[in-house]
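Notes follow once the structure below has been shown.
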């Protein structure tokens, strides 16, 4: 009887740990678990990447506009303004306020 109890206790202990570890992980960091399970972190990451790209383009257009202004190049200034309008639109639709 003693030799049967030890493997049974070990098996029950392993089963209990197998069930409790995921429950504890979900309980301990529920928000992180569900955001990862629902794909929100991927969406957030894509939004961050889009914002970074849009800001980079916007800043490049600002530099282009500044160079065109200092060189008194009207055609390039108009082109830079178009790029800035596109950049504002990509950053949140502020191009109508331009």
message: Is it the case, given these coordinates, that residue 61 is part of a helix (DSSP H, G or I), touching a helix residue (DSSP H, G or I) at 6+ places or on another chain (Cβ under 8 Å), at pLDDT 65 or above and not assigned by TED's automatic domain parsing to the domain that holds residue 89?
response: no
field: Out of 3, 41, sole residue that is loosely packed, with under 12 Cβ neighbours inside 10 Å and either at pLDDT below 85 or part of a helix (DSSP H, G or I) (or both)
entry: 3
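The values are calculated or read from the model by the stated rules, or taken from the named source; none is laboratory data. Computed from a predicted structure; not experimentally measured. A quick note on method: Cβ atoms are made from the backbone with ideal geometry, for glycine too, and the neighbour counts reach across all protein chains shown.
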